[in-house]
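Peer 1: Please read through the structure below; I'll follow up with questions.
The values are calculated or read from the model by the stated rules, or taken from the named source; none is laboratory data. Every value quoted in this text rests on a predicted model; they were computed, and no experiment measured them. All Cβ positions, glycine included, derive from the backbone under ideal geometry; neighbour counts span all protein chains shown.
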Amino acid sequence: MARLALFDMDRTLVRKETASLYMRHQYEQGAASKRDLLRVGAWVLQYTLGIVDAEKVAAQAISVLRGTSEIAMKARCDDWFQSHVRPHVSDEARRVVRRHEAVGDVLVLATGGTLYGALPVARHFQIPHVVASLLDVDERGIFTGNFVAPLAYSHGKVTRVRALAARLGHRLEDAAFYSDSITDLPLLEAVGEPYCVNPDVRLARLAKKRGWPILAW
């Protein structure tokens, strides 16, 4: 019977943290400073440790987009994916995605990152459904500098995935979910088959305790 097969993005489908890759791209384009690189590095470390204030960080990061074009962001992220993300795509992740597809499972990319960063990755993996953090856009297609609550992070990701599951006619409790991060613990606990991919220290410890599969991609 078909079910949802959910895949996190950073350090799961992609072996690197895509926020850092995006900022590196911006730096190389002259659109970000070394200070910006350091700030994003600090946020990524906090995220890895599971101590980040996600809404505060998102508000700070997104505020710089106020007044810019959504179309320009889509084009920028397509370029960024080809130059900075595609080289870090996991071949094993691709094989696992195709195995789920072959048995009729419904593929979903579920990330705390923005929709603009997620869509090129989803297209590359031929994953038709995406759950991601959404940015507010006005009627002109211009970013307001705000995000649409809830962020697809921790319990907010569960909320967004559960809504998608309901629309598609599937039970979240039957789903499989692949993730690297302790911040995804609420969704890992909500699904029927949790898989810990390249897990951070806290998630690896918990996975061993609970007998969850640990995978190295």
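Peer 1: Going by what's in this entry, would ARG167 be described as more than 14 Å from LEU6 (Cα to Cα), in contact (Cβ under 8 Å) with a residue 24 or more places away in the chain and among the basic types (Lys, Arg)?
Peer 2: No; evaluated as a whole, the condition is false for this residue.
Peer 1: Taking GLY169 as the residue in question, decide whether it is in contact with a helix residue (DSSP H, G or I) (Cβ under 6 Å, 6 or more places away or on another chain) and surrounded by fewer than 16 Cβ atoms within 10 Å (Cβ to Cβ).
Peer 2: Against the criterion (in contact with a helix residue (DSSP H, G or I) (Cβ under 6 Å, 6 or more places away or on another chain) and surrounded by fewer than 16 Cβ atoms within 10 Å (Cβ to Cβ)), GLY169 does not qualify.
Peer 1: Could you please give the count of residues in the range 170-186 that are assigned to a helix (DSSP H, G or I) and either free of Cβ contacts under 8 Å to residues at least 60 places away in the same chain or of a type in the set (Ser, Thr, Tyr) (or both)?
Peer 2: Qualifying residue count, the range 170-186: 4.
Peer 1: (1) within 21 Å of CYS77 (Cβ to Cβ); (2) in a helix (DSSP H, G or I); (3) touching a Phe, Trp or Tyr at 6+ places or on another chain (Cβ under 6 Å); (4) not hydroxyl-bearing (Ser, Thr, Tyr): which one isn't true of LEU135, the others all being true?
Peer 2: Result: LEU135 passes all but (2).
Peer 1: I'm trying to understand the selection: among the residues of the range 187-217, which are exposed (fewer than 15 other Cβ atoms within 10 Å of the Cβ) and assigned to a helix (DSSP H, G or I)?
Peer 2: Selection gives GLU189, VAL201, ARG205, LYS208, LYS209, ARG210.
Peer 1: Now, a different point. Tally time: how many residues in the range 47-73 are in a helix (DSSP H, G or I), surrounded by 14 or more Cβ atoms within 10 Å (Cβ to Cβ) and at pLDDT 95 or above?
Peer 2: 2
Peer 1: Any residue in the range 4-25 that is exposed (fewer than 15 other Cβ atoms within 10 Å of the Cβ) and of a type outside the set (A, V, I, L, M, F, W, C)?
Peer 2: No: zero hits.
Peer 1: Looking for whichever is within 16 Å of ALA54 (Cβ to Cβ) and at pLDDT 95 or above here; the options are ALA93, ALA122, ALA110. Which one fits?
Peer 2: None of the others qualify; the one that does is ALA110.
Peer 1: What's the number of the condition ALA32 fails, among (1) of a type outside the set (Lys, Arg); (2) out of contact with any strand residue (DSSP E or B) (no Cβ under 7 Å at 6 or more places or on another chain); (3) farther than 23 Å from VAL137 by Cβ?
Peer 2: (3)
Peer 1: Filter the range 85-109 down to the residues that are outside any loop (DSSP other than H, G, I, E, B) and buried (at least 19 other Cβ atoms within 10 Å of the Cβ) and list them by number.
Peer 2: The answer is VAL85, ALA93, VAL96, VAL97, HIS100, VAL106, LEU107, VAL108, LEU109.
Peer 1: Residues ALA166, ALA204, ALA216, ALA176: which one is touching a Phe, Trp or Tyr at 6+ places or on another chain (Cβ under 8 Å), among the small types (Gly, Ala, Ser) and farther than 26 Å from LYS56 by Cα?
Peer 2: Checking each option against the conditions leaves just ALA176.
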